[in-house]
Amino acid sequence: MAHEDGGHKNPPHMAEQENFVHRQQSRQDMSRTLSALLLSALTIALPAVAEERGPVTNLPIPRYVSLKADEANARRGPGTDHRIDWVFKRRDMPLRVVGEFSHWRRVVDRDGAGGWVHYTLLSGVRTVIVDEDMAALHARPAEDAPVNAYAEAGVVARLGECVPGWCRISADGTRGWVETAALWGVGMDETRE
């Protein structure tokens, strides 16, 4: 079929097919572009979430600390004018800091109990609670390594070096490597020297 300007014109059904193909390609291009933008946004947003910092100390939130005192009042709010909801009574007990305000830290224990505690009652010395009864303390961070001792559930131990899946702990003069899953007070993927 000849066109007025001497060129050829496709029949109407061919033009519709070409338009359909162009629309499909445009949708595919738009879909790829949106996917790339979404991936970029997630890549930028995720590190920001993982790197939350406390407004007072600029330290990571959440983070683990230990109880420096023999006894500490956990209050409903950050200040001595707030009611005491809980009393922690175990020196060296690991706690998780989940908030900060002025000289106060919002902490929780392994059961989720807690409140606002004055920062002077907390220490950066890391401890853990053994969560698994008769947890094996190995000579090396490996399941087939010799066992030095066993720790009962509830033992509070000093936290040492950590490698993926394992941490070295010490309590009452006994040391060894314990699987991270058997401990509370350390992140599952945390590493320490």
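Miscellaneous remarks
- Considering the stretch 107-139, the residues that are charged (D, E, K, R) and in contact with a Gly (Cβ under 9 Å, 6 or more places away or on another chain) include one that is surrounded by the most Cβ atoms within 10 Å (Cβ to Cβ), namely 126.
- The selection criterion, being surrounded by fewer than 18 Cβ atoms within 10 Å (Cβ to Cβ) and under 20 Å from residue 187 (Cα atoms), does not hold for residue 83.
- Conditions (1) closer than 22 Å to residue 193 by Cα; (2) part of a strand (DSSP E or B); (3) small (Gly, Ala, Ser): number failed by residue 99: (1)
So that you can scan it fast, the table gives a plain yes or no per residue for (1) more than 21 Å from the chain's Cα centre (by Cα); (2) over 26 Å from residue 59 (Cα atoms):
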position: 93; (1), (2): no, no
position: 123; (1), (2): no, no
position: 126; (1), (2): no, no
position: 148; (1), (2): yes, yes
position: 156; (1), (2): yes, no
position: 167; (1), (2): no, no
position: 188; (1), (2): no, no
position: 192; (1), (2): no, no
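- Options 73, 19: the member that is at pLDDT 95 or above and of a type outside the set (A, V, I, L, M, F, W, C): 73
- Beta carbons closer than 9 Å, at least 6 apart along the sequence or on distinct chains, pair a first residue in the stretch 174-193 that is in a loop (DSSP other than H, G, I, E, B) with a second that is of a type in the set (Phe, Trp, Tyr) for 185/64; 186/64; 187/64; 190/64.
- Test: residue in the stretch 76-91 that is touching a residue at least 12 places away in the same chain (Cβ under 8 Å) and touching a helix residue (DSSP H, G or I) at 6+ places or on another chain (Cβ under 8 Å): no
- When residues in the stretch 102-147 are screened for being within 15 Å of residue 177 (Cβ to Cβ) and in a strand (DSSP E or B), 7 of them pass.
- Single residue of the stretch 157-192 satisfying the filter (at pLDDT 95 or above and among the charged types (D, E, K, R)) that is surrounded by the fewest Cβ atoms within 10 Å (Cβ to Cβ): 161
- Subset of the stretch 91-102 [loosely packed, with under 15 Cβ neighbours inside 10 Å, on the phi < 0 side of the Ramachandran plot and out of contact with any strand residue (DSSP E or B) (no Cβ under 6 Å at 6 or more places or on another chain)]: 101
Yes or no, residue by residue, for (1) outside the structural domain of residue 149 (by TED's automatic domain parsing); (2) over 19 Å from residue 69 (Cβ atoms):
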site: 105; (1), (2): yes, no
site: 111; (1), (2): yes, yes
site: 118; (1), (2): yes, no
site: 135; (1), (2): no, yes
site: 138; (1), (2): no, yes
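- Counting the residues of the stretch 167-193 that are closer than 12 Å to residue 128 by Cβ and touching a Ser or Thr at 6+ places or on another chain (Cβ under 7 Å) gives 3.
The values are calculated or read from the model by the stated rules, or taken from the named source; none is laboratory data. No experiment lies behind these values; they were computed from the predicted model shown. With ideal geometry, Cβ positions are generated from the backbone for all residues, glycine too; neighbour counts draw on all protein chains shown.
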